[in-house]
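Each remark here refers to the structure printed beneath this line.
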Amino acid sequence: MDFFAILPKALTWFLAMLFSLSLHEAAHAYSAKICGDKTAERLGRLTLNPFAHADLIGTIILPLVGLLAQLPVLGWAKPVPVDERNFRRWPRMSHAFVAAAGPISNMLLCLMCVAGLTIYQLFFSAAISKGSFFYPIIGLMEAMVWVNAILAIFNLIPLPPLDGAAVLQVILPRDLAESYERIIAPAGYFILMALMLTGGLGWVSQLARTYVLFCGTMVEHATRLVLAAG
């Protein structure tokens, strides 16, 4: 394995992951503020600054080791503190809204990057050579597409400590939600780790690919409409 050959790509994907995790946590902080809880804002978490959200192990060491060793990448940022007692109304709905804000922000960023890459392919690909100053930005946007798609799908898995667990508890009828919280939620972390160790999460990348293709189709149709109107 040529270390220096994989280093540029590894660093590109690391930067994509660093920004995507920061956006994810900042979205949690902002949505909590909308619902009335300013705890995260007071603690400096309502920002895209990666240093405010970075966890030494989960954000720096594990992603870098995984990328440089060309292994499956595992990473996380510091959870945003949320005090549900500060929510102005509808605590369960507010909790789900705050939880869903992180994955939704990643899905939107993925869509924006797909749109940016489409515009590049249509209008600028011939003008931007591999030696151009702007070419690394294209590589970063490509990495952002996949990082954000996978991050969004993974975090929507309905197992604690992932965001999907809070969303599921609002969707379920109250009696089922209480049973879920009593029986499944305490074992969520162990179930998640077992799935990861046994390869039971392979569907995440497949679903992420489907979402990226969906974004591409949306952008393609929108581009055709704009060009036809022009």
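The values are calculated or read from the model by the stated rules, or taken from the named source; none is laboratory data. All figures in this text were calculated on a predicted structure; none of them were measured in a lab. Every residue, glycine as well, gets a Cβ built from its backbone with ideal geometry; the counts of neighbours run over all protein chains shown.
A few notes on this one:
- Just one of (1) in contact with a helix residue (DSSP H, G or I) (Cβ under 9 Å, 6 or more places away or on another chain); (2) farther than 30 Å from Tyr120 by Cα; (3) assigned to a helix (DSSP H, G or I) fails for Ile183. It is (1).
- Among the residues of segment 77-92, the ones that are of a type outside the set (Gly, Ala, Ser) and surrounded by 18 or more Cβ atoms within 10 Å (Cβ to Cβ) come to 3 in all.
- Residue under evaluation Glu220, criteria (1) touching a helix residue (DSSP H, G or I) at 6+ places or on another chain (Cβ under 8 Å); (2) not in a helix (DSSP H, G or I), criterion not met: (2)
- Criterion (among the β-branched types (Val, Ile, Thr), farther than 20 Å from Val114 by Cα and at pLDDT 90 or above) met by exactly one of Val167, Val212: Val167
Rundown of residues vs (1) touching a residue at least 24 places away in the same chain (Cβ under 8 Å); (2) surrounded by fewer than 18 Cβ atoms within 10 Å (Cβ to Cβ); (3) part of a helix (DSSP H, G or I), yes/no style:
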{"site": "Val167", "(1), (2), (3)": "yes, no, yes"}
{"site": "Ala187", "(1), (2), (3)": "no, yes, yes"}
{"site": "Leu192", "(1), (2), (3)": "yes, no, yes"}
{"site": "Met196", "(1), (2), (3)": "yes, yes, yes"}
